[in-house]
Every structure is written in C-alpha cells, then in structure tokens.
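*Asks:* This is the structure I want to talk about, given as structure tokens.
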Amino acid sequence: MTANTPQITLNNGVTIPALGLGVFQSPPEETAGAVETALHAGYRHVDTAAAYFNEREVGEGLRRSGLDRDEVFLETKVWINDYGYEATRPAFDKSAGKLGVETIDLLILHQPMPSRFDLTVQAYKGLESLLADGKVRAIGVSNFMPEHLMRLVAETDVVPAVNQIEVHPYFQQTAVQDANTKHGIVSQAWSPIGGITFYPGWGGDDRRSTLDDPTIREIAERHGRTPAQVMLRWHLDQGRQAIPKSTNPARIAENLDVLGFELAAEELAAIDALHTGVRGGPDPESITLAEHGAEIPEA
Ligand code: A2P
C-alpha cells in the first residue's frame with residue numbers, strides 16, 4: 001500500500017515526498033526494521049546522515065522492503081570532517097557504499113562551518129560536481145542561517161534545493177524560512193514534532209515537550225487526532241517538507257496518516273504563536289572541527 005503523500009517539487013524539477021522518515025538517534029540495530037516498516041506503511045523518503053552512523057542499516061531496510069531503488073527517495077548528509085572540494089567525492093563514495101546504492105537522491109552539507117566557510121563553499125562545489133556527473137539528483141544544505149545562504153549563493157552556481165533546519169512549534173526560525181523561500185529553497189523541518197524538546201539527556205529538566213503542549217493537545221482532541229499528527233499537518237499546510245523520526249511501528253504509521261483532517265487558519269495561527277525562541281540543537285555559528293569533528297569510516 002502506498003500512502004497518498006503529497007509531493008514537493010524542488011527548484012531543479014525533482015520531486016520529494018512531503019513527509020519522510022527521520023533516523024537521527026535511531027540506534028543502528030533498530031534502523032533497518034524502522035525503515036522497512038516505514039516503506040511498507042507507504043513512506044517513500046528516508047533522511048539519514050553520515051554522522052548518524054546508520055546509513056548501512058538504512059540501505060538494509062530498503063533492500064528488506066523489496067521496493068525498487070527508484071521507488072524510494074534517499075537523502076543523506078556530508079559531515080564537516082569531509083568538507084573541501086577533493087573530500088566530497090570520497091564522502092559520496094562512503095555514503096553510497098554504506099547505503100548500497102549507485103546514486104543518492106539528495107546529498108546535503110550537514111552544517112555550515114562558519115570559522116572555515118571557505119571549506120564549506122569548497123564542499124558545496126564538490127556537491128555541484130557530483131550533481132553534474134549524475135551521482136546525485138539534487139544537492140542542498142542544512143542548518144544554514146540567512147547570511148550563510150547569501151554567501152554560499154554568491155560564491156557557487158547551483159542554488160541549494162533544500163535547507164534542512166530545526167522547525168517545530170517551539171522554535172520556528174521564520175527568518176530562515178523566509179530566506180529559503182526568497183532563494184527558491186525548500187525548507188525541510190528536522191525534529192518536526194519537537195523531539196529535540198524531550199530527548200532524554202538534551203537540555204535542562206525544565207524543558208517542556210511539544211507533545212504535552214495544551215494548545216496542541218486541544219487542537220488534536222478537537223480533530224480526534226494526536227499532537228504529532230497536528231504538528232505534521234501544520235508543516236505540510238505551511239509548505240515544509242518534514243521528517244519525523246520514529247522506530248515504533250504504530251507511531252511510524254501514525255505520522256504518515258495526516259491527510260484525513262484539516263486545520264483551520266486560526267488553529268495554524270495558534271500553533272505559530274507557540275514559538276519560544278529557544279533552539280534545541282546547536283547554534284550553527286558554533287560548529288567547529290575541534291569541537292564537533294567525527295571521523296566518518298569508509299564503507
Ligand atoms: P519513538 O522513536 O520511540 O517513536 P522528532 O522527529 O521531532 O525529533 O521526534 C522524534 C521523537 O518523537 C522520538 O523520541 C520518537 O520516539 C517520538 N515520536 C515519534 N513519533 C511520535 C508520535 N506520533 N507520538 C509520540 N512520540 C513520537
């Protein structure tokens with residue numbers, strides 16, 4: 001069964017399902033099963049990253065699903081240790097090798113590295129060459145702030161297809177979303193149901209979970225839906241691509257089942273009003289090799 005997930009057309013004409021499976025923090029031993037379950041439930045997009053260290057298991061899940069390679073949109077990310085023009089092709093080979101595929105649908109830079117923006121630009125130029133060679137179908141970035149986008153676009157030829165950023169009701173980054181729109185870049189929401197607001201071990205004990213938010217709960221009850229479904233519907237209605245992470249079969253299915261209800265304009269506005277300004281992930285300005293470096297093993 002294939003769910004009727006709407007598609008989003010990227011700026012180079014390639015289409016991506018509006019909802020995909022996220023696997024950030026999916027333990028490798030649970031990842032293949034989650035991917036297989038999601039593909040059987042109707043997902044056709046999986047987002048991983050070299051630095052999640054579970055690309056091999058994503059590939060395993062794809063093969064176990066029995067689907068053809070071209071039925072599934074695979075996205076992964078180059079980690080900062082592999083930045084630089086010459087380093088990007090070996091980074092592609094590592095990811096493609098672990099995934100067990102010849103081409104990657106969407107390959108993006110995981111972070112800007114503001115202290116070495118020259119290397120970030122060179123890495124992006126490496127992605128451009130992979131695109132020209134047909135190794136990838138689209139290229140993009142993640143966690144880029146408007147000034148990073150401006151500098152990148154000024155120094156390179158291909159406008160990123162996506163900018164994957166933290167967006168959930170408590171942290172919405174509207175200025176980044178506006179900059180993306182201005183450049184013709186699709187905003188992809190990571191942690192779209194606010195998992196980052198309740199992951200064990202992240203942030204302080206006083207943090208509130210988006211899943212327990214009274215406004216979201218009330219809207220969910222009104223529609224006979226769950227808070228996660230309401231948040232995902234909010235993303236789709238505002239034109240964002242979203243990648244909820246789950247390794248639980250019931251929640252994987254729940255997160256794709258978001259088309260049978262509609263949010264009213266005032267409900268969307270009520271969710272917009274929940275923005276707290278508190279970022280869950282690291283400040284993109286702070287990313288350095290010294291603090292965040294991690295060797296990405298060969299395939
Ligand atoms: P689990 O994998 O056990 O389902 P995000 O993608 O916004 O970061 O959210 C991921 C977190 O939310 C994970 O902890 C995941 O746990 C949990 N989660 C995913 N889907 C749902 C859901 N429908 N309801 C409640 N929690 C969910």
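The values are calculated or read from the model by the stated rules, or taken from the named source; none is laboratory data. These numbers come from a predicted model, not from an experiment. Ideal geometry is used to build each Cβ from the backbone, glycine not excepted, and the neighbour counts take in all protein chains shown. With ligands, DNA and RNA removed, areas are computed over all heavy atoms of the protein, side chains included. Shrake-Rupley method; radii C 1.70, N 1.55, O 1.52, S 1.80 Å.
*Asks:* Work out the FRET efficiency for ASN12 and ALA290 from their Cβ-Cβ distance, taking R0 = 35 Å, and round it to the nearest 0.05.
*Replies:* Working from the Cβ atoms, E equals 0.50.
*Asks:* Please list the radius of gyration and Dmax for the range 81-129, considering alpha-carbon atoms only, with Å as the unit.
*Replies:* Looking at the range 81-129, its Cα Rg and Dmax stand at 10.8, 34 Å.
*Asks:* Please report, for the Cα atoms of the range 28-142, the Rg to one decimal and the Dmax as a whole number; what are they, in angstrom?
*Replies:* Values for the range 28-142 (Cα only, Rg and Dmax): 14.0, 44 Å.
*Asks:* DSSP beta bridges in the range 141-193, what fraction antiparallel, as a percent rounded to 5?
*Replies:* 10 percent
*Asks:* Related question: Go ahead and set up a Gaussian network model of the chain, Cα springs under 10 Å, then flag whichever of LEU289, LEU131, LEU107 fluctuates most.
*Replies:* Taking springs between Cα atoms under 10 Å, the residue moving most is LEU289.
*Asks:* Additional query: Could you tell me which residue out of GLY184, ALA220, TYR43 lies farthest along the dipole of the chain toward its positive end? Charges go on the beta carbon: Lys and Arg +1, Asp and Glu -1, centred on the Cα centre.
*Replies:* In the chain, that residue is TYR43.
*Asks:* Same structure again: Quick one: grab Rg to one decimal and Dmax as a whole number for the chain, Cα atoms only, in Å.
*Replies:* 18.1, 54
*Asks:* What FRET efficiency would be calculated for the residue pair LYS125, LEU268, taking the C-beta separation as r and a Förster radius of 35 Å, to the nearest 0.05?
*Replies:* Result of the calculation: an efficiency of 0.35.
*Asks:* Considering Cα pairs under 8 angstrom that are at least six residues apart, work out the relative contact order of the range 140-190 and quote it in whole percent.
*Replies:* 42 percent
*Asks:* Can you find, among LEU152, TYR199, LEU211, the residue farthest towards the positive end of the dipole of the range 130-211? Put +1 on the C-beta of Lys and Arg, -1 on that of Asp and Glu.
*Replies:* So the residue furthest toward the plus end is LEU211.
*Asks:* Given +1 on the Cβ of Lys and Arg, -1 on the Cβ of Asp and Glu, and no further charges, what dipole in debye does the range 198-299 carry about its Cα centre, rounded to the nearest 20?
*Replies:* Charge dipole of the range 198-299: 260 debye, to the nearest 20.
*Asks:* Still on this model: Which stretch or stretches of the range 117-152 have amide N atoms under 12 Å from the point lying 7 Å from ARG69's Cα along the Cα→Cβ direction?
*Replies:* Residues passing the 12 Å test: 135-136.
*Asks:* Nearest-5 percent of antiparallel DSSP beta bridges in the range 91-219?
*Replies:* 10 percent
*Asks:* Sticking with this one: Using alpha carbons only, how many degrees (0 to 90, rounded to 10) separate the axis of helix 117-132 from the longest principal axis of the chain?
*Replies:* Tilt relative to the chain: about 90 degrees.
*Asks:* Please list, ordered by chain and number, the residues whose modelled amide H lies under 5 Å from the amide H of VAL23; skip anything fewer than 5 residues away on the same chain.
*Replies:* ASP47
*Asks:* Report the calculated FRET efficiency for ASP257 and PHE117 (r = Cβ-Cβ distance, R0 = 41 Å), to the nearest 0.05.
*Replies:* Here the calculated transfer efficiency is 0.50.
*Asks:* When the chain is fully extended, how far beyond the present Cα-Cα distance does ASN248 get from ASN81, taking 0.36 nm per residue of separation?
*Replies:* Gain on stretching ASN248 to ASN81: 56.9 nm.
*Asks:* Taking a probe of 1.4 Å, how large is the accessible area per residue of the range 254-296, in Å²?
*Replies:* The answer is 54 Å² per residue.
*Asks:* If the chain between MET150 and ARG207 were fully stretched, how many nm would it gain, using 0.36 nm times the residue separation less the Cα-Cα distance?
*Replies:* Result: 17.2 nm gained on full extension.
*Asks:* What number, rounded to the nearest 500 deg cm²/dmol, is the helix-based mean residue ellipticity at 222 nm of the chain, given -39500 (n - 2.57) per DSSP H run of at least four residues and division by all its residues?
*Replies:* It comes out at -11500 deg cm²/dmol, rounded to the nearest 500.
*Asks:* Of all beta bridges DSSP finds with both residues in the chain, what is the antiparallel percent, to the nearest 5? Write down the numbers at each step before the final one.
*Replies:* On the way: 4 of 29 bridges.
Roughly 15 percent of the beta bridges in the chain run antiparallel, per DSSP.
*Asks:* Carbon and sulfur atoms: what percent of the 1.4 Å accessible area of the chain do they account for?
*Replies:* 50 percent
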